[in-house]
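Report on the structure given below.
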Amino acid sequence: MKKNFISIRGTDFVKNEKKFKIRGVAIGSFLNLEHFMLKIAGVETDIKGVFAEIYGAEKSEIFWKTFRSCFINEKDFEFMKKININTIRLPFNYKLFFDDNLPFMLKKEGFLELDRIIEMATKYEIYVILDLHAAPGGQNPDWHSDNSTGEPLFWKFFDFQQRIINLWGEIAKRYKNNPYILGYDILNEPVIENREISGKFVNDFYKKVLREIRKFDRNHIVFLEGDFYASDTTSFEILDDPLVAYSVHYYPFFFTDIEHYSKLNETEKKEWLKSSLFNNVSITDVFNRLKRPLWCGETGALLSFPKSYSENQLQKILEIFEENNISWTIWTYKDAGCMGILHCKDESPWVKNFENVNAYRDFLKDFNAATKLALEFIKNISPNLFPNIELIRKVKFKLLSIRDMTTSENLKLKLKEIPFEKVLTLPESFLFENCEMWNGAINIIKKITSKI
């Protein structure tokens, strides 16, 4: 293996023949916008569509270029290096490279933003994992796949899948000799509504992408995320490729009752989290059957919970990862005040201007409310189908997509009040020097990375 490329040996990542563990952050809501992290309404396509409608396409593009340059620049990499981060996960939307009206015409300018980040990462000797976070039609029913329908249509149309296969081939061609590309995270959190066939569909798609990448690039690791929101690898085939690794996602707060957790002593809390982790994602399957390295591509905590609770969970889950040979990246590095270890200040122009637009300040409450509405809807309309878990889930995501559509109208009303000259200054709230640090979370990360 060439010098500085990350390779695989058994269940370990390896750099220059020495064991290497991914310890990093994800740069979320940067090249793939997420409403709850930005505190504005709608999925990315809706958000950008509203900006273009109000200010025109040309000015809208100037705004988003300004947003990107403020969100991540060299000061951010200086900070990441200072806290010993060795890897960033870089999520991006397929629309960085394709317009839907020209679906097979690659936009070469899409590489310019990736190149900007990769060049800075290389300067600071920080590795980059490229992560396709949103695919055509949505690879899952959620907002973070830029899905406005609540249905994962990516799996229903071959053309959608072929565009992504081609895209990964182009990415592999471009970066095949770059040692600071750690690997390719093929598809974020795949979900197919029929769980009985989902594993086969996801597995077959992964094999097609892997074949395309290997036409051009045999230097880089290909990461395959577990089925059903990066949780389940048990239906995956063992692939004959020495540079395949697996990724899962695990957020402790999704599985924890804060009142119950708070009553446990510190030993019990850690034991409870470890049990929850191993019961909810395919840790054992990756290590024992697939016999490959494992990377938790997303874990993190919410600022909306008491900090003592969030920080306790974050510290313990990272300790569990370290003790069980699981690499990790925190979700997320920076946002408008939801999960970021850096975030806009409450009094910042961005937050102040958009605080009354967004209905997502506590997205867990929204999620639970949609579940309750779905239950009531099915009970009233088709009581004979209750309780059908799959149907409840489908209806819930349809309701959430309707919410996204309707609340994006609030953004339109707000932007009509803001002159372009003013709105163009709002991204400055994301500049490193203007952000607030979540010192508790940062110190937890530093405590682990400083031991290297």
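Please treat every number below as a calculation from the coordinates, not as lab data. These figures come from a predicted structure and were not determined experimentally. Cβ sites come from the backbone with ideal geometry, for glycine too, and all protein chains shown count toward neighbours.
Electrostatic tally near ASN388: other residues with Cβ closer than 15 Å to its Cβ, Lys and Arg +1, Asp and Glu -1, net +2. As a ratio to 2.2 N^0.38 Å, the alpha-carbon radius of gyration computed for region 1-84 takes the value 1.59. If I model the chain as equal point scatterers sitting on the Cα atoms and use the Debye formula, what is log10 I(q)/I(0) at q = 0.06, 0.07 Å⁻¹? Scattering profile of the chain, log10 relative to I(0): -0.24, -0.33.
Given the pairs LYS15/LYS82; LYS21/LYS95; LYS270/LYS394; LYS39/LYS422; LYS270/LYS291; LYS81/LYS412, which are separated by over 29 angstrom at their Cα positions? Among LYS15/LYS82; LYS21/LYS95; LYS270/LYS394; LYS39/LYS422; LYS270/LYS291; LYS81/LYS412, the Cα-Cα distance tops 29 Å for LYS21/LYS95; LYS270/LYS394; LYS81/LYS412. The local environment of ARG218, defined by Cβ-Cβ distances under 14 Å, has a net charge of +2 under the rule Lys, Arg +1 and Asp, Glu -1. For LYS269, the aspartates and glutamates whose Cα comes closer than 16 Å to its Cα, not counting residues fewer than 8 places off in the same chain, are ASP257, GLU259, GLU311, GLU319, GLU323.
Between region 418-442 and region 1-68, what is the C-alpha centre distance in whole Å? What the calculation gives is 17 Å, centre to centre. Based on Cα contacts under 8 Å between residues 6+ apart, the chain shows a relative contact order of 22 percent. A 30 angstrom limit on the alpha carbon distance is what I want to check against. Which of LYS19/LYS447; LYS75/LYS365; LYS59/LYS334 exceed it? Check vs 30 Å cut-off fails for LYS75/LYS365.
A simple packing score, the average count of other Cβ atoms within 10 Å per residue, orders the peptides 281-287, 66-72, 129-135 as 129-135, 281-287, 66-72, with the highest score first.
Toward the positive end of the charge dipole of region 289-399, with +1 on the Cβ of Lys and Arg and -1 on the Cβ of Asp and Glu, the farthest Cα among PRO383, PHE367, GLN315 is that of PRO383. According to the Cα-based calculation, Rg over Rh for region 7-166 is 1.00, with Rh computed by the Kirkwood formula.
When the helices of the chain are scored as -39500 (n - 2.57) per DSSP H run of n ≥ 4 and the total is divided over every residue, the value at 222 nm lands at -14000 deg cm²/dmol. Remark: region 6-449 carries a charge dipole of roughly 700 debye about the Cα centre, counting +1 on each Lys and Arg Cβ and -1 on each Asp and Glu Cβ. For the listed peptides 337-347, 268-278, 219-229, a ranking on the average number of other beta carbons within 10 Å per residue, highest first, reads 219-229, 337-347, 268-278. Straight-line reach from LYS263: taking Cα to Cα under 21 Å and skipping same-chain neighbours fewer than 8 places apart, the lysines in range are LYS274, LYS307, LYS316. Between region 184-229 and region 386-402, the alpha-carbon centres lie 26 Å apart. Based on the convex hull around the alpha carbon atoms, region 251-304 presents an average projected area of 4.5 nm².
Peptides 400-413, 431-444, ordered by how many other C-beta atoms sit within 10 Å of their residues on average, highest first, read 400-413, 431-444.
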